[in-house]
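The values are calculated or read from the model by the stated rules, or taken from the named source; none is laboratory data. Quick caveat, the model's predicted, so the values are computed rather than measured. Here the Cβ positions follow ideal geometry from the backbone for every residue, glycine too, while neighbour counts run over all protein chains shown. Keep in mind that these areas ignore ligands, DNA and RNA; they rest on the heavy atoms of the full protein, side chains included. Shrake-Rupley method; radii C 1.70, N 1.55, O 1.52, S 1.80 Å.
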Amino acid sequence: MAPPLPLIFLLIIHWVSSAGWGVSYSHSDICALKNSSVIMSCTYTYPTGHQIMKAFWTKGPKQDVNPPDLSEDPEYSQRLQYLGDKQQNCTIRLSHVTQKDSHTYYFRFNTNKCSKKWTGYPGVTLTVTDLQVEAPERVTEGHNVRLTCKSSCTLTDRATFIWYRNSQPLTERRDGNNQLLLQSVRREDAGRYSCALHGHSYTSSSAYLRVMYPPQHTFVAVSPCYEIVEGDSVTLICSSDSIPPALNFSWYKGGTFVGSGRIYSISKISSDHRGEYKCKSRNKYGEKYSAAVTLNIMFVPLLVWAGVKKEEGTFLFAQVFQNKQCKP
Ligand SMILES: *[C@@H]1O[C@H](CO)[C@@H](O)[C@H](O)[C@H]1NC(C)=O
Ligand SMILES: *[C@@H]1O[C@H](CO)[C@@H](O)[C@H](O)[C@H]1NC(C)=O
């Protein structure tokens, strides 16, 4: 299965004509972070006795006979630095790369003895990436959650990822290279998460992680909280802390269900309403009862008053009278 003779000749002619000519790049694909500096390492050879007339980098187009010199392009001239010598090292540095710089770049040169310009194909393909935090929108308290700092290509330089919550660096719980594992999430873990690479100024946009939890405290406020004259209306308001906010409230008087809704109103209060009231708030993650509130109706001197009493003691009851506050 030897190749036909003319093809062998062609190959030999090509080898002879290109003998001693060449450009080699240490990376043909580079994935770089936005705003970083990229070094494109490159060396070139040509037959001895030749002198370099012009050597430059270009981004093509490939079929262009006279592709423009990148260092004369206003988009690049300020950011491009030729690090090599003009003999055999054609390394350059491109600083503050943007996604617009994602291109294939070629090194091109000619010598005094050859009118032909030599282009080093296939060149260096640069891809510039940003970072994005991938996180679930919400997580339930107690569950584990994994956040990923995503780039559109695999970064060429080995990099250490840094994580931030509400712009504060997080020191622990890094998992894998570009992942952050939050184990048994607490409500304090809610916040804006962003990531960056160590030694780089660019920071990703942030993703908000919501931590969902059932009500932990449920309170009843009584309005007005004292000096209610018999016949007045009294309003009991239930509130609680949960995410998402509880929308489901139930009221109990002495253990018996008496109504639902955040507000429980008693118009024309009378001794029939005397008793202990509680509310229960609920979201999809759980529910919680409030402490009991005692509505004590007193008839001396023809006054109706309502006190707030916490199950644990009478301390709050006293406070209501001293401060004339209705908050439990
Ligand atoms: C080319 O020049 C760069 C910058 O001076 C240097 O870091 C690199 O080692 C050189 N490459 C070779 C092959 O000499
Ligand atoms: C880009 O990098 C420079 C330093 O190299 C820094 O001063 C600047 O803030 C960075 N810009 C962005 C948008 O990160």
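The table below lists the values:
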| read-out | value |
| --- | --- |
| Two-site label geometry, Ser115 and Asp241: point separation in nm, points 7 Å out along Cα→Cβ | 8.4 |
| Solvent-free Debye scattering, log10 I(q)/I(0), computed from the Cα coordinates of the range 247-301 at q = 0.14, 0.17, 0.22, 0.25 Å⁻¹ | -0.41, -0.57, -0.85, -1.02 |
| Listed residue (Gly120, Gly60, Ser77) projecting farthest to the positive dipole end of the range 21-128, Cβ model | Gly120 |
| Long-range HN-HN contacts of Met212 with modeled amide H, under 5 Å | Val139, Thr140, Glu141 |
| When the convex hull of its Cα atoms is projected in every direction, mean area for the range 21-128 (nm²) | 6.2 |
| Relative contact order, percent, the range 41-128 [alpha-carbon distance under 8 Å, six or more residues apart] | 33 |
| Sorted peptide list for 210-218, 154-162, criterion being average Cβ within 10 angstrom, highest first | 210-218, 154-162 |
| 4 °C / 1.567 mPa s Stokes-Einstein diffusion coefficient of the range 173-299, Kirkwood radius on C-alpha pairs, µm²/s | 73 |
| Extension gain from Ser201 to Cys153, taking 0.36 nm per residue of separation minus the Cα-Cα distance | 15.4 nm |
| 11 Å beta-carbon shell around Trp251, net charge (K/R +1, D/E -1) | +4 |
| Accessible area per residue, Å², the range 21-128 with all protein chains present, probe 1.4 Å | 53 |
